[in-house]
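Below: one structure, written as structure tokens.
No lab work stands behind these numbers, since they all come straight from the coordinates. Only a predicted model underlies this, so the values are computations on that prediction, with no experimental measurement involved. Here Cβ is always computed from backbone atoms with ideal geometry, including for glycine, and neighbour counts include all displayed protein chains.
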Amino acid sequence: MEKFIPLSVPNLKGNELKYVTEAITSEWVSTGGSMINRFEEDMATYLGADAAVACQSGTAGLHLSLLTAGVGPEDEVLVPTLTFIAAVNPVTYVGAKPVFLDCDDSLCLDPDKLEAFCRNECMLEHGVLINKQTHRPIKALVVVHVFGNMADMERIMLVAETYGLIVIEDATEALGTYYTAGKYNGKFAGTIGHFGVYSFNGNKIITTGGGGMLVARNKQQLQYAKYLSTQAKDDEIQFIHHEIGYNYRMTNLQAALGVAQLEQLEDFIAVKHENYEVYKQEISDVNGVSLLPFRSGIRPNYWFYSLFIENTQHSKLTRTELLERFSKNNIQTRPIWGLIHQQQPYKCFQQYNIEEAEYYYERILNIPCSSNLKTEEVQRVVACLKNA
């Protein structure tokens, strides 16, 4: 059996051991320590943000964003169905109700259907968007930048401004992705909406093992999110709490990893870009499949590569058959997540005109994309595909 090629694994070849050792030597290993502050400052500098708040996970960052935005049990939140479920679960944490929307060809939220839903299925009352079907206010919108691509933020922000929606960018897969043209030229994913959230899970482009980061347009809101993330301490000496808080602070050990990983981010992106281009060239002559492109006018981080299976007369293989073939050859691949509006906990919630997500669900397979993936491994993946 040939060597296993994983889908996406960490690349820990920088100063990780050095910085973690420093944290251990300092004996600050929990939710206090200089590495947390340093990681927050380094992230803010990289993103061009005023500040950033390190937290336990991307999911925690989304939860804090919704809490800080004032979303509650009376509200609804517009969400994509084509995403990992962690982008939607925090909506229920605050007691709000999700409304599911479709994707476009980028796999990100479809701005046309977003606008159509707001225009045709809702009404504005005193600046508040009201869902005609449920009569509940729609307070916020979660936009996920899927697989390192960028959603059409120019269109989405225009709709959000028209209908008074708070925009929470789930950039957990898109650290390093930014616009290279248009209104938001130079702006990173996660820095355009009211809140932006990043993840450092083990399969992300940089990792802290777990952990996340939150940025916000409003400094006061960001400080409030930090306050909530540290158990809402109003008096750290007497342990006085005026609100219910959360144990959402990142640890110093995790932050030490993050500092080292962030130093290498641009190098990781360069390698992933190079491998993407090799895949694209090699797959171009394979009938019935192609590599899904990223949106024009952006510099993506190339986090995940999406193999599009056309199911044409030239290729009778299905996504499931290819998944099995790669597995037999010791190559890890992954289908898109099960669509969230079809998941058991969410079947009872409203969905709007979902078509493209179901189409792509049947036709996308993610192929190996680690930042330490070697050219010969790319060639082996392609050879397996060509022999299918």
*To the nearest 0.05, how large is the calculated FRET efficiency for THR92 and GLU310 if R₀ is 35 Å and r is the Cβ-Cβ distance?*
0.45
*Give the shape of the stretch 1-113 as rounded, prolate or oblate, defined through the alpha-carbon gyration tensor: a ≥ b ≥ c are the square roots of its eigenvalues, a/c under 1.5 means rounded, and otherwise the shape is prolate if a/b is larger than b/c and oblate if not.*
oblate
*Considering the Cα trace of the chain, what is its radius of gyration and what is Dmax, both in angstroms?*
21.2, 72
_Sort 236-246, 339-349, 173-183 by the packing proxy (mean of other Cβ within 10 Å over each peptide's residues), most packed first._
173-183, 339-349, 236-246
*Where Lys and Arg each count +1 and Asp and Glu each count -1, what net charge lies around ASN37 among other residues with Cβ under 14 Å from its Cβ?*
-1
*Is it possible to state the helix-based mean residue ellipticity at 222 nm for the chain, with each DSSP H run of 4+ residues giving -39500 (n - 2.57), the sum divided by total residues, to the nearest 500 deg cm²/dmol? What is it?*
-10500 deg cm²/dmol
*Under a cut-off of 24 Å between alpha-carbon atoms, report the lysines in cross-link reach of LYS233, not counting same-chain residues fewer than 8 places apart.*
LYS219
_Residues in the stretch 89-109 that a label on GLN344 would reach, taking backbone N under 19 Å of a point 7 Å out along Cα→Cβ_ = 89-90, 92-93
*Return a single number: how many Lys pairs in the stretch 265-386, at a sequence separation of 8 or more or on separate chains, have alpha-carbon atoms below 16 angstrom apart.*
6
*What aspartates and glutamates could a cross-link reach from LYS132, if we take a straight Cα to Cα line under 14 Å and drop same-chain neighbours fewer than 8 places away?*
ASP75, GLU76, GLU121
*Nearest-0.05 FRET efficiency for ASP112 and ASN287, computed from C-beta distance (R0 35 Å)*: 0.65
*Sorted by Cβ neighbour density within 10 Å, fewest at the top, the residues SER106, SER199, SER229*: SER106, SER229, SER199
*Ordered by residue, what ³J(HN,Hα) values in Hz, to whole numbers, does the stretch 200-205 give under the Karplus form 6.51 cos²θ - 1.76 cosθ + 1.60, where θ = phi - 60° and Gly and Pro are x?*
10, 4, x, 9, 7, 5
*How high is the FRET efficiency between ASN372 and HIS241 when r is their beta carbon distance and R₀ equals 41 Å, given to the nearest 0.05?*
0.40
*Step through the residues of the stretch 120-132 one at a time and calculate ³J(HN,Hα) from phi using the Karplus curve (6.51 cos²θ - 1.76 cosθ + 1.60, θ = phi - 60°), rounding each to whole Hz and writing x for Gly and Pro.*
9, 9, 9, 9, 8, 10, 6, x, 10, 7, 10, 6, 4
*Tell me, what does the Kirkwood hydrodynamic radius of the stretch 265-386 come to in angstroms if you use every pair of distinct C-alpha atoms?*
15.8
*With a 10 Å Cβ neighbour count serving as the proxy for reagent exposure, in which order, fewest first, do ILE166, ILE36, ILE130 appear?*
ILE130, ILE166, ILE36
*asked:* Can you say what percent of the DSSP beta bridges in the chain, counting only those with both residues inside, are antiparallel? Round to 5.
replied: 60
*asked:* Distance between the C-alpha centers of the stretch 45-78 and the stretch 114-189? Whole Å please.
replied: 15
*Please give the length that would be gained between MET123 and GLU2 if that part of the chain were fully extended, namely 0.36 nm times their separation in residues minus their C-alpha to C-alpha distance (nm, one decimal).*
37.7 nm
*Name the trypsin sites (Lys or Arg not before Pro) in the stretch 1-77 that are in a loop by DSSP and that have at most 10 other C-beta atoms within 10 Å, would you?*
LYS3
*Place the peptides 262-271, 320-329 in order of packing, highest mean first, counting for every residue the other Cβ atoms within 10 Å and averaging per peptide.*
262-271, 320-329
*Ranking TRP303, TRP28 by Cβ neighbours within 10 Å, fewest first, what do you get?*
TRP28, TRP303
